[in-house]
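Read the structure below first, then the notes.
Please treat every number below as a calculation from the coordinates, not as lab data. Remember, predicted model here, so these are calculated numbers, not experimental data. Virtual Cβ from ideal backbone geometry, glycine too; neighbours counted across all protein chains shown.
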Amino acid sequence: MAFTKNFAGFMGRLSVTGIIVLSGFQFGSSFYVANIASQTNKVEVGSLAKKIDRTKIRELKVYIQGNEEEAWVISLETIRSWFEPYVRGYSSKQDIRISATKVGGYLASIAPSVNIQSVSAKFMLVDNKAEEFMPSSYGRRLNIEKSKGLIINAIIYNWSDVTLPMDPVEPEITLDKISNLGITTLIGRGESDFKGSSEARIHNIKVGSAKHNGTILKPGEEFSFNSILGEVNEKNGYQSELVIKRGKLTYEAGGGLCQVSTTLFRSAIMAGLPILERRPHSFPVRYYNPQGFDATVYPGVVDLKFKNDTSNHILIQSRIEGTRLIFDIYGPSNERQVALEGPFQHDQKRNGSMKAHFIRKIISADGSTKEERFDSNYGAPAPLERNPLE
C-alpha cells in the first residue's frame with residue numbers, strides 16, 4: 001500500500017509538469033514494460049511587448065570604450081525601426097522583438113568611423129641594420145557582437161547611455177619582429193630625375209615619397225600606391241600646381257606625384273615583382289625619360305599595383321639625392337636575377353606621339369626563365385585633358 005500511494009503521488013507530480021509516464025519500471029524480479037509519450041510543455045515567458053512601452057522609448061547616447069568624452073545619439077526613429085512583430089512558435093501569441101540583424105547592420109555601418117587601424121613600424125636599413133623611424137601603434141576594432149547585446153539591453157531597460165567595447169588590434173610589424181622578416185639585401189632599385197620642377201612639384205614629390213618610405217609587404221601581399229597615398233589635397237600636405245584641364249590652365253593639388261609612382265614602378269620591375277596594374281602616361285613627359293618606363297596614377301581611376309611573391313617580407317625605402325628620386329626594395333637574397341632590355345622608342349610622329357616597350361627577363365634560382373613585355377602608347381603632348389598628378 002505504501003508503494004502504491006507513493007507511486008500515485010509521484011505520478012501526480014509528474015502529470016503536473018505535463019509529462020505522462022507510461023514507462024516500464026522494475027519491481028522485485030519482474031520488469032513491467034510500457035511506452036513513453038511526451039506532451040508539449042507550454043511555458044509562459046515574459047512578453048517583450050508587455051515589458052516595453054514603445055511610446056516611452058528615448059534616444060540612446062552611445063560612447064566608445066577609450067573615448068568616453070565624445071558621444072553620439074541613436075535617434076528614436078532609428079531605434080523604433082529595429083522593432084518588429086512576430087508570432088511565437090510555441091504559444092502562437094503575438095509579440096514584438098528587437099531585430100538583432102538590424103542592430104548588427106547599424107553597428108557594421110558605424111564601425112569604419114570608430115575603428116582605428118593599427119600602424120606597423122617603419123624602418124630604414126642603415127649599414128644592413130634596420131632602424132625604426134616611425135614607431136608602431138595598436139589599433140582598435142568595435143566588438144560588434146558584444147555591442148549588439150548591450151544596445152538591445154539598453155533599449156529594453158530604458159538606459160540613457162551605453163559604452164560599446166573595443167578590441168585591441170596588434171600591429172603586424174614591430175621593432176621586435178623586424179629581425180625575423182628575412183629582409184637581407186637590395187633586390188631592386190628605381191631612379192628618376194625631377195630637375196627643372198617647380199617648388200610646389202618638388203614639395204609634392206617629397207611628401208608622396210615619404211608616405212611610401214618604410215612600407216613593408218608580407219609574402220603574398222599586394223601593394224597599392226593609391227591606398228598608401230591617401231587623398232590628394234592641401235589638408236594632407238600637398239601643394240597646388242598648374243595643370244591643363246578642359247583646355248585651360250588651373251591649379252590642382254598633387255602635381256609631381258606621378259614622379260613617385262614612376263620611380264617606384266621602376267624599382268618593382270628591377271626587383272622582379274609581378275606587376276598587377278600599371279598604365280603609362282597619355283603623352284611623353286620629360287621627367288620620366290627614358291620614355292616607356294613610367295607609371296601614372298590618379299586616385300579612384302588609375303593605380304599602381306604589384307605583389308610580393310618572394311619567400312619573405314620586403315621593405316620599400318625612398319630617398320632624394322639632389323634632383324634624383326630613388327626607391328630601393330629590400331628582401332630575401334639569391335631568389336632571382338632580373339635583366340632589362342630597353343626601353344625602346346618607336347613609331348615616333350612629328351606631333352610628339354610615339355610608342356615604346358621594354359622586356360623584362362626574370363631568372364629564378366632553379367634556372368627557369370620568365371620573359372615579359374611592357375608596352376606604352378603615347379599621344380601628342382599637351383592634350384586638353386591632363387592628369388594633374390604628372
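Look at the dipole of segment 50-169 built from charges on Cβ: of SER137, PHE123, ILE98, the Cα furthest out on the positive end belongs to ILE98. Taking Cα centre as origin and charging only the Cβ of basic (Lys, Arg, +1) and acidic (Asp, Glu, -1) residues, the dipole magnitude of segment 259-358 rounds to 340 debye.
Say R0 is 45 Å: what FRET efficiency, to the nearest 0.05, do TRP159 and ASP309 get from their beta-carbon distance?
0.30
Here the Karplus curve 6.51 cos²θ - 1.76 cosθ + 1.60, taken at θ = phi - 60°, turns the phi angles of segment 158-172 into couplings of 6, 6, 8, 8, 8, 10, 8, x, 10, 9, x, 10, 6, x, 5 Hz, with x standing for Gly and Pro. The charge dipole of segment 93-205, taken about its Cα centre with unit charges on the Cβ of Lys, Arg, Asp and Glu (plus for the first two, minus for the last two), comes to roughly 560 debye.
Spatially, segment 220-234 and segment 305-366 are offset by 19 Å when compared through their Cα centroids. For ASN377, neighbours were defined as the other residues whose beta-carbon sits under 11 Å from its Cβ, and their charges (Lys and Arg +1, Asp and Glu -1) total 0.
Going by neighbour counts of Cβ atoms within 10 Å, the residues VAL169, VAL297, VAL302 line up, fewest first, as VAL169, VAL302, VAL297. Residue by residue, segment 121-127 carries 3J(HN,Hα) couplings of 5, 10, 9, 10, 8, 10, 6 Hz when phi is fed to the Karplus relation 6.51 cos²θ - 1.76 cosθ + 1.60 (θ = phi - 60°); x denotes Gly or Pro. Counted residue by residue at 0.36 nm each, then reduced by the alpha carbon distance between them, the extension gain from GLU77 to GLU222 reaches 47.9 nm. In segment 184-378, a dipole from Cβ-located charges (positive for Lys and Arg, negative for Asp and Glu) runs towards its positive end, and of GLY220, SER311, TYR251 it is TYR251 whose Cα lies farthest in that direction. Counted by neighbouring Cβ atoms within 10 Å, the residues ARG386, ARG286, ARG97 run from fewest to most as ARG286, ARG97, ARG386. When the convex hull of its Cα atoms is viewed from all sides, segment 122-164 shows a mean projected area of 4.4 nm². Panel order for ASP176, ASP95, by other beta carbons found within 10 Å of each beta carbon, from fewest to most: ASP176, ASP95. In summary, the aspartates and glutamates within cross-link reach of LYS146, defined as a Cα separation below 13 angstrom excluding same-chain residues under 8 places away, comprise ASP167.
By the compact-protein rule of thumb, 2.2 N^0.38 Å, the alpha-carbon radius of gyration of segment 185-304 corresponds to a ratio of 1.05. Return the subset of LYS218/LYS305; LYS61/LYS148; LYS177/LYS361; LYS235/LYS305; LYS195/LYS235; LYS148/LYS218 for which the Cα-Cα distance in this structure is over 23 Å, preserving the input order. Correct reply: LYS177/LYS361; LYS235/LYS305; LYS195/LYS235; LYS148/LYS218. Proximity of backbone amide H atoms, modeled 1.01 Å from N, is registered between GLY255 and GLU241 at under 5 Å, excluding neighbours fewer than 5 places apart on the same chain. Which of the three applies to segment 124-206, rounded, prolate or oblate, going by the alpha-carbon gyration tensor with a ≥ b ≥ c and a/c under 1.5 meaning rounded? Oblate is the answer for segment 124-206, as a/c is 1.5 or above yet b/c matches or exceeds a/b.
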